[in-house]
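No value in this document is a laboratory result; all are computed from the given coordinates. The model shown is predicted, which means the values in this text are computed figures rather than measured ones. A quick note on method: Cβ atoms are made from the backbone with ideal geometry, for glycine too, and the neighbour counts reach across all protein chains shown.
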Amino acid sequence: MPEASDDAPVGAAPVALSGPERSLLLALRRHGDQVVEEEALAGELGLTPEQVRGSLQRLRSKHLATVEEEHETLVRLSPRGEEVLVKGLPERRFLNALRAHGGALAPADVATIGLDDEERSAAIGILRRRGWLAESPPFRLKKGDESSDAPLPEETVLRQVAAGNVDADPAIVEALDRRGLVRRDHRSIKRWAASEEGRRLPVAAEGEELLGSLTPELLRTDGWRGRTFRPYDVRASVPYLTGARPNAYVAWLEEFEEILVGLGFEQSEGPLLETEFWNNDALFMPQDHPARSIHDAFSVEGITGSPPPADLLARVAAVHEGRPLPGSATPIGPGWPGTYDARIAVRPVLRSQTTALSARYLARRPSPPFRMFSIDRNFRREEVDARHHLEFHQCEGVIGEEGLNLRHLVGVFTTLAEAIGIRDVKIRPSYFPFTEPSIEGYVRHPNLGWIEVLPGGILRPEVLGPFGVDVPVLAWGIGVMRLAMVALGVSDIRALFQDDVAALTGGSP
């Protein structure tokens with residue numbers, strides 16, 4: 001019977017191999033010291049990529065295989081880039097139109113050359129930045145400039161990317177990526193080899209069953225000779241059995257909470273059953289304005305909510321009506337048309353946004369500098385699909401201190417995204433009723449494309465004034481469920497609510 005190898009881990013369980021594991025280990029042995037990619041092993045053994053990947057990971061966990069990992073970025077044309085490769089870049093088509101019209105285009109003629117508004121604006125801007133296009137109308141090339149006849153650098157790089165050329169100019173690739181004409185796909189390449197333990201492990205020949213014990217019959221007949229015994233490690237401990245694994249989404253939320261706590265934020269909680277006052281009024285959302293429909297909340301009948309403190313209600317009412325705050329000579333702003341109705345303020349609703357928690361937090365008048373976050377549930381009347389659900393989690397947050405501006409909020413968004421392994425983030429201006437200025441950040445989902453997950457801005461004076469907060473306050477309501485979809489590789493938000501016992505435990509129930 002073979003002895004346990006010297007470098008076997010103390011307490012390791014006896015090694016048992018499934019059919020694919022055995023085939024892969026023998027294949028790695030045949031390659032000797034040469035490392036082999038997963039795709040090559042799949043083709044060699046006729047296994048699916050999923051079988052190869054899972055079996056190799058199990059061999060690695062049993063210390064029978066080693067892996068080298070390399071990351072690479074593949075640049076490819078986007079669907080829009082493929083279209084442009086056929087039709088031509090907007091700037092090239094503009095140049096062609098100039099020549100077709102005798103070298104000059106009147107402003108009235110520009111709309112007839114087959115470019116939409118965005119393409120015309122981009123083409124004119126690019127040609128002027130390169131100094132090819134005269135500044136004053138009509139549009140025409142500068143005299144003596146023949147460089148526009150040569151291929152544009154972007155045209156060359158587009159053709160190189162289409163042909164799979166990896167040496168394309170990185171700066172131009174970056175510019176084309178910003179224009180949405182190319183995309184960069186990141187992938188990892190794993191190369192495997194048998195470990196020292198994997199080379200020494202006895203493995204039965206094809207079709208032979210490993211012997212698990214010596215029986216009297218085998219001893220009498222010498223049937224054990226030439227056979228391979230199943231390894232047995234006398235140092236192995238009894239296997240430790242665990243229960244079900246944590247739900248992957250819940251575990252991810254806990255990890256995201258730890259990131260925010262590590263950045264110095266304190267965690268806050270609040271009720272799911274809110275009033276219109278905290279859910280909307282305190283955030284300067286008008287009581288009779290369509291902007292409130294952005295948060296399509298569920299109303300609750302048969303009960304009345306608790307009113308806020310009278311002095312705070314009076315201050316919020318003054319801001320809504322454009323009156324000075326009590327004790328102040330001038331109003332913060334013009335307010336909203338109509339009279340503020342305190343009866344609407346106590347109307348109960350299911351919380352539609354965790355920004356209500358920010359309002360409650362600011363009402364406690366924290367001393368700056370302060371940082372608060374909350375990850376909690378909200379409810380809205382939504383059409384349920386791959387990106388939307390009636391019940392969803394938001395990560396609410398506020399930061400208040402002197403000197404804050406919108407650049408700091410962009411830094412918060414990119415820091416949080418990078419902390420969970422997301423590198424592709426796009427920021428653009430947006431609108432929210434209670435922040436000004438406002439932005440929203442998009443991250444790239446491998447199957448759904450760019451999705452909006454990072455909305456936020458600087459709270460308006462009409463929000464901060466009634467609370468007595470006199471420092472800039474950054475606020476956001478991150479769509480953590482969509483972030484989790486990217487981080488966990490989930491393409492349908494409904495999968496985060498699944499109750500499949502086998503999926504949660506990693507095996508059969």
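A few remarks follow.
- Put simply, when 256-266, 466-476, 439-449 are sorted by average Cβ atoms within 10 angstrom per residue, most first, you get 466-476, 439-449, 256-266.
- Lys/Arg +1, Asp/Glu -1 at C-beta; the chain dipole; positive extreme among W278, T156, A487: T156
- Inverse of mean 1/r across different Cα pairs in region 79-181, Kirkwood, Å: 14.4 Å
- In the calculated pair-distance distribution of the chain, the portion above 43 angstrom amounts to 45 percent of the Cα-Cα pairs.
- Cα convex hull of region 319-389 - mean projected area over all directions, nm²: 7.9 nm²
- Equivalent-ellipsoid semi-axes of region 22-117, from the Cα gyration tensor, Å, largest first: 58, 12, 11
- Positive-end ranking of V166, L26, G198 along the dipole of the chain, with charges on Cβ about the Cα centre, is headed by V166.
- Among A310, A248, Y340 - extreme Cα towards positive end, dipole of the chain, charges at beta-carbon: Y340
- Packing rank of 373-385, 341-353, where each peptide gets the mean count of other beta carbons within 10 Å, highest leading: 341-353, 373-385
- Three-way shape label, region 415-467, alpha-carbon gyration tensor, a/c 1.5: prolate
- Counting every C-alpha pair in region 388-509, the share spaced more than 20 angstrom apart comes to 50%.
- Amide H contacts under 5 Å for H445, placed H, 5+ residues apart: W450, I451
- Built amide H within the under 5 Å cut-off of F229, gap 5+: L211
- Dipole size of the chain about its Cα centre, with +1 on Lys/Arg Cβ and -1 on Asp/Glu Cβ: approximately 580 debye, rounded to the nearest 20.
- When only the Cβ of Lys, Arg, Asp and Glu is charged (+1, +1, -1, -1), the dipole of region 79-181 relative to its Cα centre reaches about 340 debye.
- Charge dipole (debye, nearest 20) of region 41-101; +1 at Cβ of Lys and Arg, -1 at Cβ of Asp and Glu: 320 debye
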